[in-house]
Amino acid sequence: MKQQLMKMLEQRKDEMIQIRRHLHENPELSFQEEKTAQYIADFYKGKDVEIQTNIGNGYGIIVTIKGGKPGKTIGLRADFDALPIQEETDVPFKSKNEGVMHACGHDAHTAYLLVLADCLIQLKDELTGTIKIIHQHAEEVPPGGAKSIVESGLLDDVDAVYGIHLFPTDPAGVVGYHSGYSMAGRTYFKLKIQGVGGHGSSPHLANDAIVAGAHFVTAIQTVVSRRLNPFEMGVITIGSFDGKGQFNVIKDSVELEGDVRYMTTEVQELISKEVHRITKGIEEEFGVKCELEYVPDYPPLFNDPEITAEVVAALQSSTEPEIKSVAEFPMFSGSEDFAYYAAKFPSCFFYIGCKPKGVEKAYFNHHPKWDIDEDALLVAAKAVAEVVCRD
């Protein structure tokens, strides 16, 4: 079956590219992907599969392919939302939607999986076990789509979940992996500091919220430098400090927003504890009132070591010419809501090189000039096919 599947994928490479370009031209933002979801659902119309739509907190779709032979149930996931970015490439299939762009490869993820799924449907009588194709909405915006799909219970029978992501760090043909904690978790926070306003000439009659906020910015950096084990990874970023006012007026309130990254749940808990502690300290030290909104959105992504080893073995033994090398990648400090699947099911999320040909250093994901080598679509399809067929 594997030989036949690989040949079918080769024959449909151009179709993958055509689908990707259609999706690239018609991007939709997270939780607004109505037409994209309809396009995906229409693709499966008339095919001998079970289709479930509008799953979770948006437009999630699960397509169940029941094989002709008994076996395990696995999930294959691809996301399909785009980003609020104005595209700056000059490709002929440039985004038609102003200010919206597929700048992270989700168009390619969906394109390869649609064609792979259709090939598996055609070969379903020879297929061992059941495959659930997870077309997921809203990866880019918390709370994301993955958590709600997991909570729907429709995946409770799966034995493992697999997913891929395109990265332009390597050329097409390179497949990357990392075992254990592989991508960072993420928390959003917002802090409002309420003081007492006044005139700059009379600071003793006021309570300056900007001074308290400035101390918070400084103090928060000590969490990573002085509370975190130096062999662990953590990042705290203050991305917004809204304290604009008049030059001679003492602000009565300021609002700060920030981003926290961590690679393990232990570090997540430590940073959370310290941020709350420092907030209470600012209240006590400056006599201000603090309102802290601290919202963990995506957990760290943990690739099951046993499942990952099986994936690596399958890829390393592949004789497909498109899969040129299998390399261990470092941990990524970016976040991915695939982590919600991995938190509940044994999972492996691995990486597909897509650096455009002739480019020394490609624009990274989320850049307005993001582009890919479309040969990566067939690499992705064949790599996932190797995983599906490894038993």
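The values are calculated or read from the model by the stated rules, or taken from the named source; none is laboratory data. Just so it is clear, the model here is predicted, and its values are computed rather than measured. Every residue, glycine among them, receives a Cβ derived from its backbone with ideal geometry; neighbour counts consider all protein chains shown. What goes into the accessible areas is simple: the full protein's heavy atoms, side chains included, and nothing from ligands, DNA or RNA. Shrake-Rupley method; radii C 1.70, N 1.55, O 1.52, S 1.80 Å.
Things to note:
- Spin-label pair E126/E15, simplified geometry with 7 Å Cα→Cβ offset, distance in nm: 1.6 nm
- Charge dipole of the range 198-286 about the Cα centre (unit charges at C-beta), most positive-ward option of T222, T265, A206: T222
- Close lysine pairs were tallied over the range 114-266: pairs 8 or more places apart or on different chains with Cα atoms under 20 Å apart number 6.
- Residues with amide H under 5 Å from that of R186, placed H, sequence gap 5 or more: D297, Y298
- Partner lysines for K361 [C-alpha distance under 26 Å; skip if fewer than 8 residues away on the same chain]: K13, K94, K324, K369, K382
- Given charges at beta-carbon only (K, R positive; D, E negative), |dipole| of the range 62-127 in Debye: 520 debye
- Here the 3J(HN,Hα) profile of the range 187-198, calculated from phi with Karplus coefficients 6.51, -1.76 and 1.60 at θ = phi - 60°, is 10, 9, 9, 9, 10, 9, 10, 9, x, 10, x, x Hz, Gly and Pro shown as x.
- For the range 80-213, the dipole from Cβ point charges (+1 on Lys and Arg, -1 on Asp and Glu) about the Cα centre works out to 560 debye, to the nearest 20.
- Between helix 2-11 and the chain: long-axis angle, C-alpha atoms, 0 to 90°, nearest 10: 70 degrees
- Over the residues of the chain, the helix contribution to mean residue ellipticity at 222 nm works out to -10000 deg cm²/dmol, using -39500 (n - 2.57) for each DSSP H run of at least 4.
- Shown in residue order for the range 28-35 are the 3J(HN,Hα) couplings computed by the Karplus curve 6.51 cos²θ - 1.76 cosθ + 1.60 at θ = phi - 60°: 9, 6, 3, 6, 10, 8, 4, 6 Hz (x for Gly and Pro).
- Spatial offset of the range 245-280 relative to the range 32-56 amounts to 41 Å, using the alpha carbon center of each.
- Accessible area per residue, Å², the chain with all protein chains present, probe 1.4 Å: 44 Å²
- Once backbone amide H atoms are built at 1.01 Å from N, C104 has H366 as its partners under 5 Å, excluding neighbours fewer than 5 places away on the same chain.
- Cα shape, the range 1-146, gyration tensor, a/c 1.5 rule: oblate
- Angle between the chain longest axis and helix 209-222 axis [Cα atoms, degrees, rounded to 10]: 50 degrees
- Across the range 289-304, coupling constants 3J(HN,Hα) worked out from phi with the 6.51/-1.76/1.60 Karplus curve, θ = phi - 60°, read 10, 10, 10, 10, 9, 10, 10, x, 9, 10, x, x, 8, 10, 7, 4 Hz, and Gly and Pro carry x.
- Within the listed set T222, T128, T64, the Gaussian network model of the chain (springs between alpha-carbon atoms below 10 Å) gives the highest mean-square fluctuation for T222.
- Its Cα centre serving as origin, the range 241-390 has a Cβ charge dipole (Lys and Arg +1, Asp and Glu -1) of approximately 300 debye.
- Per-pair calculated FRET efficiency, R0 = 51 Å: D90 and Q316 via Cβ, rounded to 0.05: 0.85
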